[in-house]
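Have a look at the structure below before the remarks.
Please treat every number below as a calculation from the coordinates, not as lab data. What you see is a predicted model, and the numbers here were worked out from it, not measured in a lab. We place every Cβ from the backbone using ideal geometry, glycine too, and count neighbours over all the protein chains shown.
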Amino acid sequence: MILHWTGLARALRWEEEGTAPSLEGWLLSADGGLRPWDALVSSARLPSPVEYLNDDRLRTKGVQLWLKRDDLIHPDVPGNKWRKLKYNLHEMITQNHSVLLTFGGAYSNHLRATAAAGRACGISTIGIVRGEEHLPLNPSLAYAVSHGMRLGYLDRATYRKKNDRNIIASLQREYGSFYLLPEGGTNELAALGCSEILAELEPGFDVICCPCGTGGTLAGIVGTLSADQYAIGFSALKGAAFLESDIDALQRRTFGVRTRNWRIEYGYHFGGFAKKNADLEFFIAEFKRLHGLDLEWVYVAKMMYGLYAVIDRGDIARGSKVMAIITGPPGPE
Ligand SMILES: Cc1ncc(COP(=O)(O)O)c(C=O)c1O
C-alpha cells in the first residue's frame, strides 16, 4: 500500500485536542528527522496577512472586501501549496518515505512548490507531467528540475487514468517506493491544511472566496465554514462539473460533514485552464494600477474578475464582508 491514512485520524485528533503540531513543533521533535524544514519554517509568514481593499467599484455596491495574502506565506512554497503540503510532508516523514511522487500539468504551480519543499527538507521528488516532453523545458518545469525534481511524462489518455491501481503499480516499478501525493496536492491532509485558512480569520466574514482547480482548497474551507458563512469557489477550468461532487466527497472524508452553504461559479475560466483574453489582461493591469498587486493569472485573477462580476450583478448582499483568498503569487511566465 502506497499511502496509509492512519495519519489523517491522528491529524484530526490533534485538531480536536487543539494539539495540532506546528511545523516548528515537528522541527523540535526528538527524532530530528524533520530538521531540514527549519529553513522553510523560519521564513514562513503565518498567519498570512489580511489586507482591506479600498475600491470604489465595491463601495458603490456596499460590499467590503479583504484579501487573505496566502501568496506571502513563503517565497518558494507559497499559498495553498504550503497549506496542502504541511500535513502531507509530516505524514510522509512519519511513514519513513524519502521519495514523494506527484502529478501536474506542464505549468503546474504545485510541481514547482513541491520541488522547492522537497529540496528544502531533503526529500526526493518526482513530478509526473501530463502530456509529452517538450524541450527546452518551460520556466515552470525548469524551476522544478533546478530544485531537484525528477520529471516523468504520461500521455494525456494515460494521465487521465493516473489514479488507477495498474498505473500506480507501473510507476512503482519504474520509480520504486514513494509517497503518493495526488494531482494538485489535493487529498484529506491537504484539505485539513487548507481548513487552517478559516481558523486564522477573525469572526465576522460573511463570504469566503477562493479559486478552484481540483477543489482541495475549497473543500478545506467549506468543511469548517460556520452556518452563517457562505463560500464561493471560482473554477479556473472549463467543464469542471466534477468539482461539486469531488468537493462533497473530500469534505466528507476529511471532516465527516457535507455542508451546503457554498457554490461554484463556472463562468470565469476565460476559455479554459491557462487560457486568457484581453478582458482578463485589462482587469489584471487595472488591478495592479489601482491596488499595486500583481495577480497570478491562471487562478487568482480569474477569481477576482469573477468576484467583482458577482458583486456587480448584486449577488452578494449590501453590507457583506467578503474575504478573497489569494492562493498564490504570479508564477514564471
Ligand atoms: C495559485 C493557485 N490557486 C488555486 C489553485 C487551485 O487549488 P485547488 O486545486 O485546491 O482547487 C491552484 C492549483 O494549483 C493554484 O496554483
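Values computed for the structure shown
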item: All-pairs Cα distance distribution in the stretch 173-308, expressed in whole percent, bin size 10 Å; result: 12, 38, 32, 15, 3, 0
item: Sparsely packed GluC sites (Glu not before Pro) within the stretch 56-137, loop by DSSP, other Cβ within 10 Å at most 12; result: 132, 133
item: Under 26 Å from residue 61, Cα to Cα: lysines that are on another chain or at least 8 residues apart; result: 288, 302, 321
item: Added length on full extension, which subtracts the Cα-Cα distance from 0.36 nm per residue, residue 278 to residue 158; result: 39.8 nm
item: Two-site label geometry, residue 258 and residue 137: point separation in nm, points 7 Å out along Cα→Cβ; result: 4.2
item: Packing-based ranking, highest mean first, of 275-283, 224-232 given that Cβ atoms within 10 Å are counted; result: 224-232, 275-283
item: Filtered GluC sites (Glu not before Pro), the stretch 182-255: DSSP coil and at most 14 other beta carbons within 10 Å; result: 200
item: Quotient of C-alpha Rg and 2.2 N^0.38 Å, computed over the chain; result: 0.97
item: Estimated inter-spin distance, residue 309 and residue 288, nm [label 7 Å along Cα→Cβ]; result: 2.2
item: The chain, helix-only ellipticity at 222 nm - DSSP H runs n ≥ 4, -39,500 (n - 2.57), divided by all residues, nearest 500; result: -12000 deg cm²/dmol
item: Mean-position separation - Cα centroids, the stretch 139-204 and the stretch 287-333, in angstrom; result: 26
item: Residue 170/residue 200 FRET efficiency (R0 30 Å; Cβ-Cβ; nearest 0.05); result: 0.15
item: Size of charge dipole - the stretch 270-333 - debye, nearest 20, with Cβ of Lys, Arg +1 and Asp, Glu -1, no other charges; result: 200
item: Electrostatic dipole magnitude of the chain [Cβ: Lys, Arg +1; Asp, Glu -1; Cα centre; debye, to 20]; result: 540
